[in-house]
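*Asks:* One structure follows; several queries about it will come next.
Nothing in this text is a laboratory measurement; each read-out follows from the coordinates by a stated rule. The structure displayed is predicted, hence computed values, not measured ones. Cβ atoms come from the backbone with ideal geometry, glycine included; neighbour counts cover every protein chain shown.
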Amino acid sequence: MTDTIPGATGAPLPPLSDADFRLGAEPFTHERRAEVLDRLEEHLERHRVRMLGYQVNLSLDGHASLGRFLRHHINNAGDPFVDSRFSLHSRWLERAVLEHYARLWHARLPEDPARPRNDDAWGYVLSMGSTEGNLYALWNARDYLDGNALVRDEISGEASCRTTYVRAQHPDDNPNAYSPVAFFSQETHYSHIKAMRVLDIPTFYDLGGSLYPGQCPIDLSGTGTRTYNGWPLGGVPTTGGDEGPGTVDIDALVPLVEFFAAKGHPVLVNFNVGSVFKGAYDDVETACARLRPVFERYGLVDRTVRFDPDDPERTSVRNGYWVHVDGALGGAYAPYLEKARDSGLVKSAPPVFDFRIPEVSSIVTSGHKYPGAPVPTGIYLSRAGSKLRPPSDPAVVSSPDSTFAGSRSGFASLAMWNHLARLGEEEQLRQAAESLHVAEYAAARLRELSATLREREEPWAEDGIEVGHGDHALSIWFQQPRTEITAKYTLACVPLSRDGQRHDYSHVYVMPHVTRDLIDELLTDLARPGAFDRTAEEGAVRPPLPGQD
Ligand SMILES: *Cc1c(COP(=O)(O)O)cnc(C)c1O
């Protein structure tokens, strides 16, 4: 490229290639192996220092001392609360981490994990990130709602290892009683869509569009929402649509849920706390208060599930709804913003989302995002009384197979514990408040830049750069700049449709490693002439000129 933006490219190292690492019959010599690993480290180092575009915390120096544990196999296979005979584990640390998040999310801890009360917390540290947590939550939700026996349901005469479910009988008067329907907003992460596909859980728009064409209870005219037989494809609309903050529109959610509850379906609702693109916080507390009367009106509170029509003893009383909170990002720091607000460090905080809300059934967060861990991990917590019944009880592990993975990363628990052990609560409050302040600073500077670019009629930014930032969000989005800049700062690039037209956006995510200096450096690059001119880039869409939309 001839018109490279000065200072916008990193050091001119040749990029790494597969050929550097290809394995053959002969081993690498010690020197050659050290050399290519050095180059990998150099690559990671170079990109780490300016990473701005993804929600991962790169302040990881506190984990360097954990290197010595790489000599060890650490495997937490089985249930975190039931020790197994396998001795190379880190369950003590896993339980400490779970206890920490249970306190943070206001869940009650069992006094005796062997006999938890229904409302006590149960969960585990994930070996994948929130993808695994979402998948596990939806699996548990499906089994709970479609009438499968749970751990707490004592079923007499049951073989100890069975691959078929002990499943409720459909009452004659309601063929939909055990057919859950999923609700989630258009800002929902792709891991949800994937989990619903894996688990074969129908979405409200699939079911609505195919069984009830033209009967969608919400008015979508003039919103530009793509529809399937009148139902909003991709999820419940968000407040203010594409230009809004990305929070679920509760006025749309409630009638949609009511439509299916009235037809006898149990209901699975997902909320986002720190959504994937806009970092938005659904108002879980208000939404649940609005859904509560709907659940009551249609018999979804404490309904009786019957496993055997001839045996009145074989029943289970449980709700006909499951509320899951995808807090992949926000679950880890929104509670600290709430405390920071209470101690005057920030003016306001995101809405409450946790187990203080009686309807909330499960919560996940990712450990490698806001907290910072060198490997993907996360936390899953639910209420013990809703826990799904594992398909089998493998004697070889000697701890119940109540998690998704078999072998589980004991190193992930170690990293999470190390992170939490290093930071006390005061430091957590300070760090969350500082991240929010830096995000607000970045939004203000980007808005100033947008006005400047509009004034100087900058090519491709004649109408400014469409800066967006929701309340308390750590994400700030704006028009996608040129490749040199997106590559230098590892900015995410996401095409969105606005009024039926494609607009290309990038976002900055302010994680704890992001400083005002790094934001200033980005702003200097974005203010250079031509920073948004993507004429030379294949497939780039030119934004409309002022007055042309
Ligand atoms: C990142 C993310 C996920 C998936 O988490 P992983 O840790 O990448 O598996 C799910 N939901 C939201 C909102 C996310 O941001």
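*Asks:* Taking the DSSP beta bridges in the chain as the whole, what percent of them are antiparallel, to the nearest 5? Mind dumping the intermediate values first?
*Replies:* Details: 35 of 51 bridges.
Restricted to the chain, the bridges split so that about 70 percent are antiparallel.
*Asks:* So, one more: Relative to the Cα centre, what is the charge dipole magnitude of segment 459-516, using +1 at the beta carbon of each Lys and Arg, -1 at the beta carbon of each Asp and Glu, and rounding to the nearest 20 debye?
*Replies:* On the way: 5 positive and 7 negative charges, 53 e Å.
Around 260 debye, computed over segment 459-516.
*Asks:* If each DSSP helix of 4+ residues adds -39,500 (n - 2.57) and the sum is divided by the residues in the chain, what number results at 222 nm, nearest 500 deg cm²/dmol? Kindly include the intermediate steps, with their values, before the conclusion.
*Replies:* Values: 13 runs with 168 residues, N = 549.
Theoretical 222 nm ellipticity from helices: -9500 deg cm²/dmol.
*Asks:* What is the distance in Å between the Cα centroid of segment 376-445 and that of segment 506-541?
*Replies:* 31 Å
*Asks:* To the nearest 20 Debye, how big is the dipole of segment 72-165 about its Cα centre, given +1 on the beta carbon of each Lys and Arg and -1 on that of each Asp and Glu? Write down the numbers at each step before the final one.
*Replies:* Working: 10 positive and 14 negative charges, 39 e Å.
Rounded to the nearest 20 debye, it is 180 debye.
*Asks:* Treat each spin label as a single point 7 Å out from the Cα along the C-beta direction, and report the H106 to Y228 distance in nm.
*Replies:* Placing both labels 7 Å along Cα→Cβ, they lie 3.6 nm apart.
*Asks:* So which GluC sites (Glu not before Pro) in segment 98-146 are both in a DSSP loop and have at most 13 other Cβ atoms within 10 Å of their Cβ?
*Replies:* Those that pass, being in a loop and sparsely packed, are E111.
*Asks:* So, with +1 on the Cβ of K and R and -1 on the Cβ of D and E, and no other charges, what is the size of the charge dipole of the chain about its Cα centre, to the nearest 20 debye? All intermediate terms of the calculation are to be shown ahead of the outcome.
*Replies:* Details: 55 positive and 76 negative charges, 194 e Å.
With only Lys, Arg, Asp and Glu charged at Cβ, the dipole is about 940 debye.
*Asks:* Which Cα, out of V97, H72, I465, lies furthest along the positive dipole direction of the chain (beta carbon charges, K/R +1, D/E -1)?
*Replies:* Value computed over the given set: H72.
*Asks:* Between G24, H43, Y54, whose Cα lies farthest towards the positive end of the dipole of segment 19-58 when Lys and Arg beta carbons carry +1 and Asp and Glu beta carbons carry -1, centred on the Cα centre?
*Replies:* Y54
*Asks:* Compute the Cα gyration tensor for the chain, then decide on rounded, prolate or oblate, letting a ≥ b ≥ c be the square roots of its eigenvalues: rounded whenever a/c is under 1.5, prolate when a/b is larger than b/c in the other cases, and oblate in all that remain. Show your work: numbers first, answer last.
*Replies:* On the way: a/c = 1.93, a/b = 1.28, b/c = 1.50.
Note, shape of the chain comes out oblate.
*Asks:* Check each of the trypsin sites (Lys or Arg not before Pro) in segment 17-63 and keep only those in coil by DSSP with at most 10 other C-beta atoms within 10 angstrom; list them in order. Mind showing how you got there, number by number?
*Replies:* Details: sites: R22, R32, R33, R39, R46, R48, R50; in loops: R22, R50.
Qualifying residues, ordered by number: R22.
*Asks:* Could you pull out the trypsin sites (Lys or Arg not before Pro) across segment 62-112 that fall in loop regions by DSSP (anything but H, G, I, E, B) with no more than 14 other Cβ atoms inside 10 Å? Display every interim value, and only then the final one.
*Replies:* Details: sites: R68, R71, R85, R91, R95, R103, R108; in loops: R85.
Loop-located and lightly packed - R85.
*Asks:* Going by average Cβ density within 10 Å per residue, which order do the peptides 396-402, 78-84 take, highest to lowest? Walk me through the numbers before you get to the answer.
*Replies:* Numbers: 396-402: 16.6, 78-84: 19.4.
Ranked from most to least packed, the peptides come out as 78-84, 396-402.
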